[in-house]
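Below is one structure; the comments refer to it alone.
The values are calculated or read from the model by the stated rules, or taken from the named source; none is laboratory data. Keep in mind it's a predicted model, so treat the numbers as computed, not measured. No Cβ is skipped: glycine too gets one built from the backbone with ideal geometry, and neighbour counts run over all protein chains shown.
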Amino acid sequence: MKTKSTKKVVVVNQFDIRTVELDIEGMTCDHCAQTVEKQFTGNKGIIAKEVSYPTGSGQFTFDPGQITREQIIATINATGHYTVAGEVEPEFPSDNSFDLIIVGGGSGAFAAAITAGENGAKVAIINAGLPIGGTCVNVGCVPSKNLIRAAETLHRASASSFKGIRFTAPKVSFREIIQNKNELVGELRQKKYLDVVKDKENIRIIEGWARFLDKQSVLVNGSDIYRAGKMIVATGSTTLIPGIEGLKESGYLTHQTLFDMEELPESMTILSAGYIGLEIGMAFNRFGSSVRILEFTNRPLRSQTADISNEIMKHMKAEGIQFFPDHRIQKIEIRDGVKVITGTDKKKNEAFEFFEKGAIVVATGIIANTAAMNLEEIGVSLDEKGSIIVNEKQETSVEDIFAVGDCINTPSFVYTAAAEGKTAAMNAMGKGTVSTDYKGLPWVVFTDPQVAGAGMDELQAAAAGVPFETATVSLADVPRAIAALDTRGFIKLIRNPETDELLGIRVVAPEGGELVMQVSLAIKFGVKAEELANSLFPYLTLSEGVKLAAIAFHKDVKELSCCAV
């Protein structure tokens, strides 16, 4: 007959190592005790464990920085056969209990908080790292597009396509441009985030780093526990830093640090010719930096078709930006105060060496902010890149935990994050079954000319097994571009020739991003290419180019009169 321990919970602090003794019910033999012990095999933070059937108890020595007492109890209870008895819940402040906790403070988090708050939920936003507003307002969309537009203004003030118009050299204060950008960021952070929720009594903002204890509780800053019946992870992403020897010592910059420099670097080497690298490269080249872009694949914007890559590279080269595709960097070192970048030119199969007196900017993509949150330990599935895997309802592999934004395995845009936040909140609050709709998803790369698209391109259609046909119109055949003396780029439509359904659009054009939304809606609502071709578009607008591209499926647009008939 076993003797039951009368000790309920004893915690001894031993230089950050703790021991807890728990009464365990349900054990009927020594094998049961061994089974409980096996539940902790491989658990980080468990230093020693001893479970005894005769005493009906278990003693666990653990590192509280890696595992908590609550997680130990949860692990025992999760067996379904054995439970911790007589566990007295600690006093828990009611102010620390919520209907919904959102970890993160960007667009996805705020969309979720506002949606849940409007449905009567008590919500906590727990944020750390970047200030409230996340990537977009602080270090992404807002500051980058502000600087890009400033650089465009400078560029246009320096040259004219029109005879009879000449400019004197404009005066530029780069420091003032950066200071104005900072003011704009602060203003939008306040107006579009903090002010939006400041009068909502059921939404609370908590500053701190959160780590999950279980699916309904998080530990913040290592001291305070907050609980909720539903959780949303909206922790965003950060720059993916490649493992290049010497890169850390080179003092590299990313978009998070570059946009705060008040002194324009004389030169700049950008690692990667993705959309971030191209936007940064064009803007800083126009401000006056000498820009070199190194790309390890064979062309810029490798996710797009070759005609897109070649067109934008042609126009950027024309402004003096240097491109080096197929260049794989192996090492960066400092010689006499100069950064020396060495590696292999894969196309020529020979070594290269570049000297950089200015800045090295890393633009090699993003990685989800999911580390050190204990997500996998509580059962949340991540993909091979560390992004949280979700379904169309923003649900993770753990019931009642949702995820949105750049930390998940979906397209990474501020507007998709906001849509996902709303979806997650609606489903978390039980307001029906809601899914995020990515059909015809529009996107823009803010170079000049812009690169933009919506829906599928021909490679994606082929991969999906969908019949496709393309029609491309050069801006040299678009009246608006002709009149503006700016015929850089083209407009390409992709359709299913069997159904005439629009599959996608790809554009390289000045302000080309303004064209893709109409095709995005056409894709979403099933508008056919012929309907676009027969619709009335105002003459001498760039959007008329979309009509011309639709006509081009059946007719050479060079044979049309000026009003596309």
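Observations, loosely collected:
- Qualifying residue in region 348-371 (condition: assigned to a strand (DSSP E or B) and of a type in the set (Lys, Arg)): no
- Scope region 58-72; condition touching a helix residue (DSSP H, G or I) at 6+ places or on another chain (Cβ under 9 Å), of a type outside the set (S, T, N, Q) and not in a loop (DSSP other than H, G, I, E, B); matching residues: Gly58, Phe60, Phe62
- Residue in region 126-141 that is under 27 Å from Asn43 (Cα atoms) and either free of Cβ contacts under 8 Å to residues at least 12 places away in the same chain or buried (at least 22 other Cβ atoms within 10 Å of the Cβ) (or both) present: yes
- Check on Val398, closer than 30 Å to Phe110 by Cα, touching a strand residue (DSSP E or B) at 6+ places or on another chain (Cβ under 9 Å) and assigned to a loop (DSSP other than H, G, I, E, B): yes
- Lys181 being among the basic types (Lys, Arg) and part of a loop (DSSP other than H, G, I, E, B): no
- Flag if Gly229 is touching a residue at least 40 places away in the same chain (Cβ under 8 Å), closer than 27 Å to Ala403 by Cβ and not polar (S, T, N, Q): yes
- Subset of region 13-62 [modelled with pLDDT of 85 or more and at positive phi]: Gly26, Gly56
- When residues in region 240-253 are screened for being surrounded by 18 or more Cβ atoms within 10 Å (Cβ to Cβ) and modelled with pLDDT of 95 or more, 4 of them pass.
- Residue in region 112-123 that is polar (S, T, N, Q) and in contact with a strand residue (DSSP E or B) (Cβ under 8 Å, 6 or more places away or on another chain) present: no
Okay, residues lined up against (1) closer than 15 Å to Ala552 by Cα; (2) in a helix (DSSP H, G or I):
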site: Ala476; (1), (2): yes, yes
site: Asp486; (1), (2): no, no
site: Ile494; (1), (2): yes, no
site: Pro497; (1), (2): yes, no
site: Leu502; (1), (2): yes, no
site: Val519; (1), (2): no, yes
site: Ala522; (1), (2): no, yes
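- Residue match in region 339-347 (condition: farther than 21 Å from Ser107 by Cα, touching a residue at least 60 places away in the same chain (Cβ under 8 Å), assigned to a strand (DSSP E or B) and in contact with a Pro (Cβ under 7 Å, 6 or more places away or on another chain)): no
- Of the listed requirements (1) closer than 30 Å to Ile165 by Cβ; (2) under 27 Å from the mean Cα position of the chain (by Cα), Gly504 misses just one: (1).
- So Phe162, is it without any contact (Cβ under 8 Å) to a residue 12 or more places away in the chain and either among the basic types (Lys, Arg) or surrounded by fewer than 13 Cβ atoms within 10 Å (Cβ to Cβ) (or both): no
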